[in-house]
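Student: Attaching a single structure in structure tokens format; questions to follow.
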Amino acid sequence: MAEMDTSSSGAGKKHQGTKSKKLSTRVDMTPMVDLGFLLITFFMLTTTMSKPKTMDLIMPKDTKDEKEQNKVKESTALTILLGKNNRVYYYAGLAQDPNASANPDFFKATSFANKNGIRDVLIKKRDEVAQLRNAKGEPEDVVVIIKANDDATYKNFVDILDEMAINRIQRYAAVDISDQDKQWIRQTETANTGGAQ
Amino acid sequence: MPKVKMARKSTTIDMTAMCDVAFLLLTFFMLATKFKPEEPVTVVTPSSINTKLLPDSDVIMFTVDTKGRIFFSMDGQPKRKKMIEDLNSQFKLGLDQKAMNNFIVGASVGTEIKNLKAYLDMKAEERKASGLETGIPSDSANNELSTWVNYARTAQGGNPRLQYCIKADNGTPYPKIKEIMQTFKDLKIQKLNLVTSLESIPPGTAAALANAGTAPAKKSE
């Protein structure tokens, strides 16, 4: 491996016997290349290239004052519930009426899939609400209420906030889940597992 | 008498160019990257489309692992020094210089304040095995998380660029995140940063269209 390049002087050696041997100035670079790549590998493995990104989360003030609280209209609201195993449940409105679940189409389950998932639901609702007009005649904004159940993970939470950014929904809020919502999730889960067996 | 010489081809290759390339790459990697920060736990953050960079300094970072253990870290050794001195005098921990130094130069810390002395006396490798690495308690009965935030905030001394970051794992249970958010809310801190990794914007969505729309719009301004 480590040898000098002497090929040019080797061929005519017989006839140039008296000539003193010319030393080549070329150095074998192979070990140096080895060292270089070793260091590259080391730096590639021990360092980070991409810096982490951050997502801003601005939380509302806890206020007891009724006047400061924002009121959400039933018609512009969409409630999203995060359950276990990355399931997403949603229904239109705020479900102030506990008998709303009598309608089988009211409480629906979906997923975070790119197609036919929660994104399509959000887009549909957003466009529907944009058709509505408020008292001043301006288009309404959809208000998304996010309620995460206790067995939801942080990933689900970030994913749903990300969906808000992806679909450019300006108004959303993370709210504590109610017992009514928990019960609906349980009912849907038992209905689904019962149907599968 | 002229003799036709057959030039014998050498098998050795000139490595100079390759060497140049290798060291060029080496220089690039040395300059463009930084060492992975020492972490007590490995955390895989969820991905989002946000492109805002996490700042290098003026950050109070809480790392939350899969089991919901909370770890505290903060940049700036003088600030860490002030903080541990404050904690030491306030809670009468009786930390010696060595333990304090461990906190100042060390990585994240995640234990109850009453165990802090024993925790800091250990080397980073020993902590994992000791069972003291239980995370900072954040439940309402014993909310030490707010203590840490308060002391860290004091140590930062009213820094206007200060940001609170939460770096949680994909599998962290949501109730833990809710507890942390509630703690910050109680401290009247409304703005949090969630650390995420980058993911591409799905095509055809509003954000993708807006991004495509803003590029030429900015030019016309």
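Student: Just the Cα atoms of the range A:74-196: what Rg and Dmax do they give in Å?
Tutor: When restricted to the Cα atoms of the range A:74-196, Rg and Dmax are 14.3, 49 Å.
Student: Which cross-chain or sequence-distant (5 or more) residues have an amide H under 5 Å from the amide H of B:Val59, H modelled 1.01 Å from N in plane?
Tutor: Amide H neighbours of B:Val59: B:Asp75, B:Gln163.
Student: Determine the shape class of the range A:138-197: with a ≥ b ≥ c the square roots of the Cα gyration tensor eigenvalues, call it rounded for a/c under 1.5, and otherwise prolate if a/b is greater than b/c, oblate otherwise.
Tutor: prolate
Student: Under the definition of partner shielding as Cβ atoms of other protein chains within 10 Å of a residue Cβ, what is the mean value for peptide A:157-165?
Tutor: Mean inter-chain Cβ contacts per residue within 10 Å come to 6.
Student: Sticking with this structure for a sec: Which whole number gives the average count of other chain Cβ atoms within 10 Å of the Cβ atoms across peptide A:110-119?
Tutor: If you average over the peptide's residues, the count of other-chain Cβ atoms is 1.
Student: Sticking with this structure for a sec: Rounded to two decimals, what is the ratio between the C-alpha radius of gyration of the range B:159-216 and 2.2 N^0.38 Å?
Tutor: 1.56
Student: Let me ask you something else. Any chance you could list P(r) for the range B:86-221, counting all Cα-Cα pairs in 10 angstrom bins from zero, rounded to whole %?
Tutor: Result, from short to long distances: 9, 29, 30, 15, 10, 6, 0 percent.
Student: For the protein assembly as shown, what are the per-bin percents of Cα-Cα distances with bins 20 Å wide, up to the bin holding the maximum?
Tutor: The percentages, shortest bin first, are 20, 41, 24, 10, 5, 1.
Student: Now for a separate question. Taking the mean number of other Cβ atoms within 10 Å as a proxy for protection, how do you rank B:172-185, B:151-164 from highest to lowest?
Tutor: B:172-185, B:151-164
Student: By per-residue mean of other Cβ atoms within 10 Å, what is the highest-first order of B:63-69, A:28-34?
Tutor: Per-residue Cβ counts within 10 Å, averaged per peptide and sorted highest first, yield B:63-69, A:28-34.
Student: Okay, next question. If I take the Cα coordinates of the range B:35-87 and project them onto the principal axes, what are the three extents in Å, biggest first?
Tutor: Reported extents, whole Å, longest axis first: 38, 27, 20.
Student: Collect residues whose amide H, placed 1.01 Å from N in the peptide plane, falls under 5 Å from the amide H of B:Ala168; neighbours closer than 5 in sequence don't count.
Tutor: Distant-sequence amide H within range of B:Ala168: B:Val64, B:Val195.
Student: Going highest first, how would you order A:151-158, A:74-81, B:18-25 by mean Cβ packing within 10 Å?
Tutor: A:151-158, A:74-81, B:18-25
Student: Take the alpha-carbon centre of the range B:62-115, take the same for the range A:131-197, and report the distance between them in whole Å.
Tutor: If we compute the Cα centre of each part, the gap is 38 Å.
Student: For B:Met30 and B:Val105, what does the FRET efficiency come to when R0 = 30 Å and r is the distance between their Cβ atoms, rounded to the nearest 0.05?
Tutor: 0.85
Student: With contacts defined as alpha carbon pairs under 8 Å and 6 or more residues apart, what's the relative contact order of the range B:62-183 in percent?
Tutor: Reported as a whole number, the value is 37 percent.
Student: Can you pull the mean other chain C-beta count within 10 Å for peptide A:173-181?
Tutor: Taking the mean over all residues of the peptide, I get 1.
Student: Kindly flag which residue pairs out of A:Lys53/B:Lys67; A:Lys21/B:Lys5; A:Lys155/B:Lys178; B:Lys81/B:Lys167; A:Lys73/A:Lys115 have an alpha-carbon separation exceeding 25 Å in this structure.
Tutor: In this structure, A:Lys73/A:Lys115 exceed 25 Å between Cα atoms.
Student: Modelled label-to-label distance, A:Thr46 and A:Asp34, 7 Å Cα→beta-carbon offset: nm?
Tutor: About 2.0 nm separates the two model spin labels.
Student: Continuing with this model, one more query. Could you run the Karplus curve 6.51 cos²θ - 1.76 cosθ + 1.60 with θ = phi - 60° over the range B:117-127 and give me ³J(HN,Hα) per residue in whole Hz, x for Gly and Pro?
Tutor: 5, 4, 5, 6, 5, 8, 7, 4, 6, 6, 4
Student: Rank B:Asn150, B:Ala7, B:Gly204 by how far each Cα sits towards the positive end of the charge dipole of chain B (+1 on Lys, Arg Cβ; -1 on Asp, Glu Cβ) and give me just the farthest.
Tutor: So the residue we want is B:Ala7.
Student: How big is the charge dipole of the protein assembly as shown about its Cα centre, in debye rounded to the nearest 20, if each Lys and Arg gets +1 on its Cβ and each Asp and Glu gets -1 on its Cβ?
Tutor: With only Lys, Arg, Asp and Glu charged at Cβ, the dipole is about 2080 debye.
Student: So, one more: Report the calculated FRET efficiency for B:Ala17 and B:Val44 (r = Cβ-Cβ distance, R0 = 51 Å), to the nearest 0.05.
Tutor: Computed FRET efficiency for B:Ala17 and B:Val44: 0.80.
Student: Given the convex hull over the Cα atoms of the range B:26-118, what projected area results after averaging over all orientations, in nm²?
Tutor: Averaged projected hull area, Cα only: 8.4 nm².
Student: Apply 1/(1 + (r/R0)^6) to the Cβ-Cβ distance of A:Ala191 and A:Val72, taking R0 = 30 Å, and write down the FRET efficiency to the nearest 0.05.
Tutor: About 0.60, to the nearest 0.05.
Every read-out reported here was derived from the displayed coordinates using simple, explicitly stated rules and does not represent laboratory data. What you see is a predicted model; the values in this text were computed from it and never measured. Here the Cβ is made from the backbone with ideal geometry for all residues, glycine too, and neighbour counts use every protein chain on show.
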